[in-house]
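Derivation of every value follows stated rules applied to the coordinates shown; laboratory data play no part. Quick caveat, the model's predicted, so the values are computed rather than measured. Here the Cβ positions follow ideal geometry from the backbone for every residue, glycine too, while neighbour counts run over all protein chains shown.
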Amino acid sequence: MFKNPWKKCGIGLVGIFLVAIFAGCTNSESGQTDEHSENSASSEALLEQPWEKTEAAAENSQVNLYMWGGDEGVNRYIDNWVAPRLKENYDITLKRYPMDITEVLQKLQTEKRANKETGVMDIIWINGENFKNAKENGLLWNSFSDKLPNFKKFIGQDRADLQTDFGTPVEGMEAPWGKVQYVFFYDAAHIKKPPQNFIELAQWVKENPGKFTYPEVQDFTGSGFMKHLLYDKMGRDVLENELYREELTNEHGDAVWQYLNDIQPYLWKNGENYPASLTELDRLYSQGEVWMTMGYNEARAERLIEDGTFPETTKSFIMEPGSIGNYHFLSIPFNSPNKAGAMVAINELLSPEAQLEKMQPSVWGENTPLSLEKLSEADQEKFKNIERGDSVLPSEQLEAAYLNEMDPAYTEWLKENWMSEVVQTTH
Amino acid sequence: MKLFKQRIKPYLLLLPSVTAAIVFVGWGTAAALLESLQDWETGEWTVVYYHELFTNPVFWDSLFLSFSTALLSTAVSVVLGLVVTRYLYHYFRKNRWKLLVWLPMLVPHLVAAYLVLLFFSDSGLLSSLLYRFGWIQEMSEYPFSVQNRQGTGIILTYIWKEVPFVILMLLPVYYQLNSNYEAVIRTLGGGSWEVFKTAEFPALAPVLTETGIILFSFTIAAFEVPYILGVTYPKMLPLLSYQWYFENDWSSRPAAMAVMMVTTFLTLLLAFLAFGLSQRRRNQMSRGK
Amino acid sequence: MKSFIRRTMKITVLTLIVVGLLAPFLILGMSSFAHEWRWPQLLPASFSLRAWTVVFQDSQLWEALFVTAVIGMLVIVLNFLLGLPAGRALAYEEFKGKSLIETLLLLPILVPSLAIGMGLLFTAIRLGMADHWIGVVLIHLVPTLPYTIRILRAGYENIGWKYEEAARNLGASPFTVFKTVTFPLLFPSIRAVAALSFVISISQYVLTALIGGGQVITLAMIYYPYVSGADRPVTAAFSLLFIVLTIALLLMFESLFLRSRKKV
């Protein structure tokens, strides 16, 4: 019958296709239903049962952590320090998947629409408007943070600064992982005295054309820069603890755009192009194309200096009216297949040891959300003795300048208008 | 029976690949089209997303940039590839030359874009070289910025990547060209241009058309290169679509799909026009004979 | 005199081509070992192995290399299974609707693959093929198959059907004909298909991210967040890995071919 080998090929191929598709379907479907029934039954119980039971349930399981993968130090911390520890202490295999948070949320949303009850992500790294968005769309699992022993012991539910995340009530839907403040970095080889406020910054930009820029508004760091400008133009009282007020943006919006338009011709590339991300701005800074960079995490320059990426003469500064600080969190998606494992892993990430390691300048360098006074004397000593490095400002100065994040609606407003008010005007 | 088998054979051979093409492209495009025509919350039919798109200057600027970038890089690649092949095809018979031309094909687009950055950015190697020669005193004087609103860097990347592709498409045609034609034309007193026009071009035209269309549709729709070398505004169409697709809530997703549908429509239209033209030319020529 | 000018011109052009094609690889190599390399230094100020240590210490690297290579090879295999019969039919047969079929087969590159990927995502989730390497392999067929068919068709046209016929007349079975006659003659095209579909497959970021849902970690998934970043040596090292992977595959292919020839 099969005289022609091509026909054989063709038939074989169709066969392979069908088998592959069939295998793919049945595989996932059977997996889905099994895990699903188990999942929904146990996920409520997870929040009731004693912690030992959760630990036992997490044993010998895999936890998938989805996070942005562009920082080699952060990746190494997860892969080479956290993962082996979880394996040793709890027999949990932690697997890190590099993915931007916007893509993570879009994926969760698509899965929710497709009724995919058993997803693939167990832990996601999140804060700010992304948290607001995820919470409002029901993409997160439940209130879990006060079930974690380390959270109860070292942070506690009553911490005033952790009640909201950019104004959105946290309500235990995410657990704080790190604390950062927004600072500017400059190359002291070129700049003797960094600007003290936005007026001086504008002067400096005009005197040094092409040597300054900021990331576009879609980027977290870019909108962060503009939020400092909002603080400068609108004042601290109305932004720090209050909800979005449209009359404020109506009244002061022009001043904000005017400032940005005013400096635009003197920016890198005459303001025709802005870095798409913080990493791109860092690249420009590392090559000397610009002389300043910026960003959340007051200590992030240390490791980059050590690697030879940033010049050794890199220092940091903050300007009037202050430095916005925030927390970033870990959360569990609604369709996590291993919620017990996720809880155990997050608990471990909040342990003093893990936080101490993370704060080392050669690892990640960022500050801890733990309340130091709740730690043992020995641990307190260790945290106080960390040498954060010469490029990091003294902690008193940082604390004195601390500004809370504002309502994410302001970021939305910036995102909606920056492109048309500032960028498109250069045509 | 045998005749029937003979007749059905080509269809059987083509069945798997045609099925794959139809299933993937048909299904994917249909799903995207449906999503662009439905309200994202209620699912009702609407053309509002297209209406918004066509009244949005952001879209038009992106469309213009994408179109000109794709057209320019395709045209330059095809012409350069043609010139190089025509004058150097003897060399390419040797394997080492052929291998050399293959090299850029082995480099992924992402990496190629990074290479362009490494060489041509303001702090790149060319800029350092110019400084050493004393032609510029400062980085800001560097004249060949590639990351600009004209998409120069993007075009450069595609040329570096696609000229070898054009050469590889054209080489077989040149090897098959009958050199007697050339001799005849030359004896009749025709110059190189004459040779090219009457002997080479008719054989090349269909391949050139096809190559051009492939390159154009790839360039206008690819994401990776403009991601690295694009500018804040305007963005190339795929980047615009991607940004809307991944924006915080679902509301911009139909618009993202609509952008892709317009791009699809444009490339298909262009492809049919080009193929139609070249077909008609061929018909006319065969009738002329 | 004229021929002298011509020759110098040709030599200049050839040198330019060599430099333009080879220099990037040298620069990448140097950059991956550079410790500090800032404007306007023409060469790195000092060298270090840090970037390569970082790359090879990345716990996901080996798995990613493996996944990338396997997906790439499956894509090649599928391309051959679909492309060989199609290329042959288009080269040797005349039949009704040929031009329509030709156009249909070109569609996957005419329609933006981003549109196809976005459109198929929902269905892929429903079918359980999202977040899975099967889905990624299948979606990688979209940007590769048209090239494959195009190349194989040209290859078949080039060798013609006379050799095969002669072999068959001598009584060889269809499989022997393919193995001893068609395959060796077609090998340049087969090699081209393998290289091209492999390169296209391993450099897909968007399609892999969409359909693979981040679960399928290929080299492109790791490379992508670095590429716009400040860490030039690491980016350079990753870039070289991409190229080395492709060259390794091609060498493997070549040696397979040589061995199969020796046996005959």
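With the convex hull built on the Cα atoms of the range C:2-48, state its orientation-averaged projected area in nm². Don't skip to the answer; put the middle values down first.
On the way: hull surface 16.3 nm².
Computing the convex hull of the Cα atoms and averaging its projections yields 4.1 nm².
Under a straight-distance cross-link criterion of Cα-Cα below 30 Å, which lysines are reachable from A:K206, leaving out those fewer than 8 residues away in the same chain?
Those lysines meeting the cut-off are A:K192, A:K193, A:K227, A:K233, A:K269, A:K315, A:K415, B:K235.
Report Rg(Cα)/(2.2 N^0.38 Å) for the range A:55-191, keeping two decimals. All intermediate terms of the calculation are to be shown ahead of the outcome.
Details: Rg = 17.1 Å, N = 137, 2.2 N^0.38 = 14.3 Å.
The value comes to 1.20.
Å³ per residue of the Cα convex hull, for chain B? Present the calculation step by step, with values, prior to reporting the outcome.
Details: hull volume 64.5 nm³, N = 289.
With only Cα atoms used, chain B gives 223 Å³ per residue.
Report, as a whole number in µm² per second, the diffusion coefficient that Stokes-Einstein gives for the range C:23-143 at 25 °C and 0.890 mPa s using the Kirkwood radius over alpha carbon pairs. Before the final figure, lay out the partial values.
On the way: Rh = 18.8 Å.
Rounded to a whole number, D works out at 130 µm²/s.
Spelling out what I want: for every residue of the range C:59-66, take phi, set θ = phi - 60°, compute 6.51 cos²θ - 1.76 cosθ + 1.60 (Karplus), and round to whole Hz; glycine and proline get x.
5, 8, 4, 5, 4, 5, 4, 4
Computed on alpha carbon atoms, what radius of gyration and Dmax characterise the protein assembly as shown, expressed in Å?
30.0, 101
Give me the distance between the Cα centres of the range C:163-183 and the range C:35-64, rounded to whole Å.
When both Cα centres are located, 52 Å separates them.
Quick check: pseudo-label points 7 Å beyond the Cα along Cα→Cβ at A:E412 and B:F4, how many nm apart are they?
Taking the two extended label points, one gets 6.7 nm.
Going through the cross-link list A:K132/A:K339; A:K179/A:K384; A:K152/A:K374; B:K98/B:K161, which pairs have a Cα-Cα distance over 19 Å in this structure? Let's see the in-between values first.
Details: A:K132/A:K339 21 Å; A:K179/A:K384 16 Å; A:K152/A:K374 10 Å; B:K98/B:K161 15 Å.
Among A:K132/A:K339; A:K179/A:K384; A:K152/A:K374; B:K98/B:K161, the Cα-Cα distance tops 19 Å for A:K132/A:K339.
As a test, work out the antiparallel percent of DSSP beta bridges whose residues both lie in the protein assembly as shown, rounded to the nearest 5.
On the way: 26 of 37 bridges.
That works out to approximately 70 percent antiparallel.
Using Cα centres only, tell me the gap between the range A:349-427 and the range A:287-336 in whole Å.
Each part reduced to its Cα centre gives a spacing of 8 Å.
Within the range A:215-247, find all residues whose amide N lies under 20 Å from a label point positioned 7 Å from the Cα of A:N197 along Cα-to-beta-carbon.
Under 20 Å, as judged by backbone N against the label point of A:N197, lie A:225-240 of the range A:215-247.
For the residue pair A:R113 and B:W27, what label-to-label distance in nm results when each label sits 7 Å from Cα along the Cα-to-beta-carbon direction?
1.8
In whole Hz, what ³J(HN,Hα) sequence does the range C:118-123 give by Karplus (6.51, -1.76, 1.60; θ = phi - 60°), x for Gly and Pro?
3J(HN,Hα) across the range C:118-123, in whole Hz: 4, x, 7, 4, 4, 4.
Non-local amide H neighbours of C:E36 (under 5 Å, H modeled in plane, Pro and chain starts lacking H): which ones?
C:A45, C:S46
Can you show me the helix-derived [θ] at 222 nm for chain A, built from DSSP H runs with n ≥ 4 at -39,500 (n - 2.57) apiece and divided by the number of residues, rounded to the nearest 500. Show your work: numbers first, answer last.
Working: 18 runs with 200 residues, N = 427.
After summing the helix terms and dividing by the residues of chain A, the value is -14000 deg cm²/dmol.
State which helices in chain A qualify, where a helix is a whole DSSP H run, it must extend 24 Å or more along its own axis by its Cα atoms, and its mean Kyte-Doolittle hydropathy must be at least -0.5.
Values: long enough: A:5-48 (63 Å, 0.04); A:246-263 (25 Å, -0.91).
In chain A, the long hydrophobic H runs are A:5-48.
Going by average Cβ density within 10 Å per residue, which order do the peptides A:182-195, C:52-65 take, highest to lowest? Provide the component values of the computation, followed by the final result.
Details: A:182-195: 18.1, C:52-65: 16.5.
For the peptides A:182-195, C:52-65, the packing ranking is A:182-195, C:52-65.
Please list, in chain and number order, the residues 5+ apart from A:L403 or on another chain whose amide H is under 5 Å from its amide H, with Hs placed from the backbone.
A:S323, A:I324, A:G325
Taking the beta-carbon count within 10 Å as an exposure proxy, list B:D39, A:D282, C:D131, A:D158 from fewest neighbours to most.
On the way: B:D39 13, A:D282 28, C:D131 22, A:D158 7.
Going from least to most buried by this count: A:D158, B:D39, C:D131, A:D282.
Rounded to whole Å, give me the distance from the Cα center of the range A:210-227 to that of the range B:222-281.
Between the Cα centres of the range A:210-227 and the range B:222-281 lies a distance of 27 Å.
Can you compute the FRET efficiency between A:L372 and B:Q150 using 1/(1 + (r/R0)^6), with r the Cβ-Cβ distance and R0 = 56 Å? Round to the nearest 0.05.
Once rounded, the FRET efficiency stands at 0.55.
Averaged over its residues, how many other protein chain Cβ atoms are within 10 Å of peptide B:116-124's Cβ atoms? Intermediate values should be presented prior to the final figure.
Details: counts 1, 5, 8, 3, 0, 5, 9, 10, 4.
Per residue, the average neighbour count from other chains is 5.
Taking the beta-carbon count within 10 Å as an exposure proxy, list B:V207, B:V84 from fewest neighbours to most.
Ranking B:V207, B:V84 by Cβ neighbours within 10 Å, fewest first, gives B:V207, B:V84.
Mind checking the alpha-carbon convex hull of chain A and giving the volume per residue in Å³? Write out the running numbers ahead of the final one.
On the way: hull volume 82.2 nm³, N = 427.
Spread over its residues, the Cα hull of chain A gives 193 Å³ apiece.
How far apart, in nanometres, would the label points at B:Q137 and A:E88 be if each is projected 7 angstrom from Cα along the Cα-to-Cβ direction?
Placing both labels 7 Å along Cα→Cβ, they lie 6.0 nm apart.
Around A:Y97, which amide H atoms from residues at least 5 apart in sequence, or from another chain, sit under 5 Å from its own amide H, with H modelled in the peptide plane?
Under 5 Å from the amide H of A:Y97: A:L65, A:Y66, A:M67.
Need one number: % antiparallel among DSSP beta bridges in chain A, to the nearest 5.
Values: 23 of 34 bridges.
Given both bridge residues lie in chain A, the antiparallel proportion sits at roughly 70 percent.
Could you compute the net charge surrounding C:L170? Neighbours are other residues with a C-beta less than 15 Å from the C-beta of C:L170; K and R count +1, D and E count -1. Could you put the intermediate results ahead of the total?
Details: positive: C:K162, C:R168, C:K179; negative: C:E164, C:E165.
Summing Lys/Arg as +1 and Asp/Glu as -1 gives +1.
May I ask for the Rg/Rh ratio of chain C, computed from Cα atoms with Rh as the Kirkwood radius, given to two decimals? Can you show the working numbers first?
Values: Rg = 22.6 Å, Rh = 21.5 Å.
For chain C, the value is 1.05.
Inside 10 Å of the C-beta atoms of A:117-124, what's the mean count of C-beta atoms belonging to other chains?
On the way: counts 0, 0, 4, 6, 4, 0, 0, 0.
Counting other chains' Cβ atoms within 10 Å and averaging over A:117-124 gives 2.
Report ³J(HN,Hα) in whole Hz for each residue of the range C:211-219, in order, from the Karplus equation J = 6.51 cos²θ - 1.76 cosθ + 1.60 where θ = phi - 60°; Gly and Pro get x.
7, x, x, x, 6, 9, 8, 9, 4
At a Förster distance of 35 Å, what's the computed FRET efficiency of C:L43 paired with C:R7, Cβ-Cβ distance as r, to 0.05? It would help to have the intermediate numbers written out before the result.
Values: r = 34 Å, r/R0 = 0.97.
Once the sixth-power term is evaluated, E becomes 0.55.
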